[in-house]
Amino acid sequence: MDDTNPPAARTLDHWISGARVSGTSSRTSPVFDPATGQTTAMVPLASKDEVDAAVKTAVAAASDWRHSSLSRRAAVLFAFRELLHARTDELAAIVTSEHGKVLSDAAGEIARGLENVEFATGIPQLLKGGFSEQASAGVDVYSLRQPLGVVAGITPFNFPVMVPLWMCANAIACGNAFILKPSEKDPSAALFLAELWKEAGLPDGVFTVVHGDKEAVDTILDHEDIAAVSFVGSTPVARYIYERGTANGKRVQALGGAKNHALVLPDADIDLAADAIVSAAYGAAGERCMALSVAVAVGDVADDLVSAIQERLPSLRVGPGAEPGTDMGPLITREHRDRVAGYIGAGAEAGAKVVVDGREQAVPEGGFFLGMTLLDEVTPQMTVYTDEIFGPVLSVVRVATFDEGLALINANQYANGTAIFTRDGGAARKFKSEVQVGMVGVNVPIPVPVAYYSFGGWKDSLFGDTHMYGPEGVSFYTRGKVVTERWPDPATSSVDLGFPRTR
Ligand code: NAD
């Protein structure tokens with residue numbers, strides 16, 4: 001296998017103060033093309049000193065940007081939106097070359113990210129406060145929201161465009177400077193976004209990219225000039241980010257991992273459910289935080305559902321994401337591919353029925369490919385059920401009743417997304433009401449909220465109390481202030497030591 005560093009592998013830069021800046025730490029990490037297994041770039045890993053220098057420029061930029069008018073901010077966001085739209089194909093190609101997902105999927109993530117930019121163009125409306133004239137005699141009261149200063153985003157490999165846009169569009173629109181620490185596995189998309197922000201007219205220093213690993217992250221978490229941290233990634237790291245960031249007095253929203261269940265009731269349309277579950281289980285090779293990785297089959301629907309899913313798999317093509325006709329690309333790294341394959345073996349050993357074994361599927365040589373796996377008769381004790389696998393492995397758990405299925409979902413440590421497939425409105429209503437999960441789909445397999453709602457799971461899928469983007473994103477990136485104001489005639493003034501009450 002060739003994952004050595006070919007002579008042409010370039011070294012990427014950070015983006016500081018509106019320009020590319022070479023790393024000086026002498027630590028780097030390889031970036032692979034997962035479809036070939038080759039190293040295509042080296043990403044610099046910032047030292048504490050480099051992060052400190054980047055924060056300094058962001059602090060200076062934030063103090064000006066907070067005074068920019070709302071119409072100027074909206075104009076920059078509109079220009080950024082147009083550029084992102086016009087250059088989607090280029091950006092999608094970058095995403096595919098480092099992440100591996102198919103081009104249409106990469107374009108889809110950009111489109112969902114764009115929604116957040118479009119939402120943020122409405123910032124003049126979103127930041128409108130309340131005003132109460134004559135709250136007391138001669139007294140007016142009004143509220144406003146102000147930026148925090150410098151805020152940071154730490155993002156995962158699986159959505160190198162969409163997740164940064166979940167954060168930076170609102171953060172910048174609210175008047176903050178934003179520092180992005182993207183995943184070191186697919187870092188080039190962040191630099192492309194930086195170029196577009198500059199072209200859109202964003203002042204230098206308002207959007208910064210520092211690449212790195214734990215050293216850069218810890219520097220962000222400890223830095224006294226960073227007011228808030230948004231994180232998306234795995235649960236152990238999310239918990240760590242939340243605990244260390246909040247211990248340092250920061251606002252933190254930390255979104256973690258997932259194990260999303262689809263509950264399929266006996267009255268569901270089997271073809272509709274199978275199409276949806278196959279799409280949501282194997283799309284992006286299962287490397288989505290909203291991937292459906294468990295199908296919970298209620299009663300006698302199980303045999304038909306498993307057959308319908310199985311029937312659909314042979315026609316799906318596994319190959320390089322950039323090749324037309326590919327349905328599913330490779331996994332992100334060789335280690336991750338091997339780890340996912342290990343789960344299939346563990347599932348089989350623990351007694352799961354391997355209906356389709358992705359390890360046996362013919363896949364292109366060289367890259368980090370793994371075929372699609374379907375496991376039936378999975379039980380809640382097996383590691384294929386308890387762990388987030390983050391690969392193209394779908395587990396079917398058989399239960400006797402709706403209540404048993406609901407209890408299974410509610411007992412899981414993760415609670416990001418879930419979906420129910422049924423034609424029974426009453427059952428769907430009970431499910432929506434009683435399921436302990438943050439995002440719910442009814443006959444919708446991947447219920448990622450549109451940008452004018454907010455995104456977030458419950459339990460171990462989110463640490464903190466603010467969901468990401470949408471209205472909750474605007475409040476996360478701003479601090480509220482309430483002004484009570486009067487302009488009395490000084491001649492009427494007198495001393496009164498009583499607690500002020502309204503009149
Ligand atoms: P990850 O947790 O390994 O990495 C996320 C970020 O944290 C990266 O920028 C990485 O450099 C940094 N990081 C990793 N280890 C660290 C450590 N020990 N200390 C400090 N920083 C560290 O996640 P990933 O593998 O890039 O992404 C996949 C995970 O993200 C999955 O668990 C998936 O469910 C989750 N995810 C969740 C959501 C959501 O909305 N809840 C969305 C996308 C991805």
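Averaged over residues, the count of other Cβ atoms within 10 Å places the peptides 125-131, 15-21, 471-477, 412-418 in the sequence 412-418, 471-477, 15-21, 125-131, highest first.
Given +1 at the Cβ of Lys and Arg, -1 at the Cβ of Asp and Glu and no other charges, the dipole of region 1-120 around its Cα centre is 500 debye to the nearest 20. The overall shape of region 260-442 is prolate: from the C-alpha gyration tensor, with semi-axes ordered a ≥ b ≥ c, the ratio a/c is 1.5 or greater and a/b exceeds b/c. Can you tell me the 0 to 90 degree angle between the C-alpha axis of helix 270-282 and the longest principal axis of the chain, rounded to 10? Helix 270-282 and the main axis of the chain meet at about 70 degrees.
For region 103-161 versus region 267-309, the inter-centroid distance based on Cα atoms is 35 Å. Partner lysines whose Cα lies under 27 Å from the Cα of K250, excluding those fewer than 8 positions away in the same chain, are identified as K48, K56, K128, K181, K185, K214, K459, K481. In nm, to one decimal, how far is the modelled label at Q125 from the one at D89, with both set 7 Å along Cα→Cβ? The two pseudo-label positions are separated by 3.2 nm. Among the trypsin sites (Lys or Arg not before Pro) found in region 301-347, those both in a DSSP coil and sparsely packed, with 14 or fewer other Cβ atoms within 10 Å of their Cβ, are R317. Candidate cross-link partners of K430 among the aspartates and glutamates, defined by an alpha-carbon separation under 14 Å and a same-chain spacing of 8 or more, comprise D403, E404.
With contacts taken as Cα pairs under 8 Å at a separation of at least 6 residues, the chain carries a relative contact order of 18 percent.
Between R503 and S307, the FRET efficiency estimated from the beta carbon spacing at R0 = 60 angstrom works out to 0.20. Segment M42..T24, full-extension length gain: 5.2 nm, with 0.36 nm per residue of separation and the alpha-carbon distance subtracted.
Once the chain from K432 to Q146 is taken as fully extended at 0.36 nm per residue, the excess over their C-alpha distance is 99.4 nm. Of all DSSP beta bridges in the chain, what percent run antiparallel (nearest 5)? The antiparallel fraction comes to roughly 40 percent.
Extension gain, A135-T484: 0.36 nm per intervening residue step, less the Cα-Cα distance, totals 124.8 nm.
The charge dipole of region 426-479, taken about its Cα centre with unit charges on the Cβ of Lys, Arg, Asp and Glu (plus for the first two, minus for the last two), comes to roughly 180 debye.
Rounded if a/c is under 1.5, else prolate if a/b is larger than b/c, else oblate: which is the chain, with a ≥ b ≥ c the root eigenvalues of its Cα gyration tensor? Verdict is oblate for the chain.
Bear in mind these aren't lab numbers, they're just calculated from the coordinates by the rules spelled out. All values derive from a computational prediction rather than experimental measurement. Don't worry about glycine lacking a Cβ; one is built from the backbone with ideal geometry, like all the others, and counts go over all protein chains shown.
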